[in-house]
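Only one structure is covered here, and it is reproduced in the block below.
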Amino acid sequence: MTKIVTELNNDIKEEILKDNLIIFPTETVYGIGANALSEKAVNKIFEVKTRAKNNPLIVHLKDKSEIEKYAIISNQIEQKLIDTFMPGPFTIILKKKEIIPSCVTANMDSVGIRIPIHQMAHEFLELVNVPIAAPSANISSRPSGTKVDDIKDEFDSLVPYIIDNGEATIGLESTVVKVIDNIPTI
């Protein structure tokens, strides 16, 4: 049975480190997250969501200083976008480093990086202290969850914890941008 909590605890960190999934809030929608460095954990996301494995995941980080551990900032335009829009409802596509498993990126050489501005999401990322691969918390083809009531029945017993922090303030997925030929492209 899934536990719905409103405060973080060390059991949540242990579940992530044991390759389990956690549903957590962001400013955009609720996400279903796993340790982005664990193929076993990431593959659970695809199974639980019935998501196609050729659909890459976004990697959530706790702050900008972590980006270069997992991806390569290739030019000043990418850096300016990061400086301007992160943290926030913004994902940037960067060249990935080898530490990110190919299952996260659907075997592509790039990775989506996001740093949520949401306080509880930030605290969750601080607590677990690993990058979190996370798409929206919904079964594929269904609407993204913006509050726990939208998703709790779909994921009951499939995740050990859902972190409830009320309704998402934005309600739409983050804007995804890739710099192509020196032009930011949505």
**Prompt:** Any idea which of A121, A137, A168 is under 15 Å from I23 (Cα atoms), touching a Gly at 6+ places or on another chain (Cβ under 7 Å) and not hydroxyl-bearing (S, T, Y)?
**Reply:** A137
**Message:** Scan region 147-156 and tell me whether some residue there is under 28 Å from P101 (Cβ atoms), under 16 Å from the mean Cα position of the chain (by Cα) and not basic (K, R).
**Reply:** no
**Prompt:** Going through region 118-157 one residue at a time, which ones are open to solvent by 40 Å² or more (accessible area, probe 1.4 Å), modelled with pLDDT of 95 or more and either assigned to a loop (DSSP other than H, G, I, E, B) or among the aromatic types (F, W, Y) (or both)?
**Reply:** N129
**Prompt:** When you go through (1) out of contact with any strand residue (DSSP E or B) (no Cβ under 9 Å at 6 or more places or on another chain); (2) without any contact (Cβ under 8 Å) to a residue 60 or more places away in the chain one by one for D19, which number turns out not to apply?
**Reply:** (1)
**Item:** Residue that is closer than 25 Å to T169 by Cβ and among the charged types (D, E, K, R), where the choices are K3, K95
**Value:** K3
**Message:** When the residues of region 51-102 are narrowed to those that are part of a helix (DSSP H, G or I) and among the β-branched types (V, I, T), which ends up surrounded by the fewest Cβ atoms within 10 Å (Cβ to Cβ)?
**Reply:** T84
**Candidate set: region 103-112, residues that are of a type outside the set (D, E) and assigned to a loop (DSSP other than H, G, I, E, B); chosen: the one surrounded by the most Cβ atoms within 10 Å (Cβ to Cβ)** = V104
**Asked** Cβ-Cβ below 7 Å, separation at least six or inter-chain, first residue in region 96-115 and farther than 19 Å from G31 by Cβ, second assigned to a loop (DSSP other than H, G, I, E, B) and among the aliphatic types (A, V, I, L, M): which pairs?
**Response** I99/L37
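In the list I45, I16, which residue meets the criterion of being surrounded by 14 or more Cβ atoms within 10 Å (Cβ to Cβ) and more than 17 Å from S102 (Cβ to Cβ)?
Of the residues listed, the single one that is surrounded by 14 or more Cβ atoms within 10 Å (Cβ to Cβ) and more than 17 Å from S102 (Cβ to Cβ) is I16.
The values are calculated or read from the model by the stated rules, or taken from the named source; none is laboratory data. Just so we're clear, the structure is a prediction, and the values are computed from it rather than from any experiment. Reconstructed Cβ throughout: ideal geometry from the backbone, glycine too, with neighbour counts over all protein chains shown. Heads up: the accessible areas ignore ligands, DNA and RNA and are worked out on the full protein's heavy atoms, side chains in. Shrake-Rupley method; radii C 1.70, N 1.55, O 1.52, S 1.80 Å.
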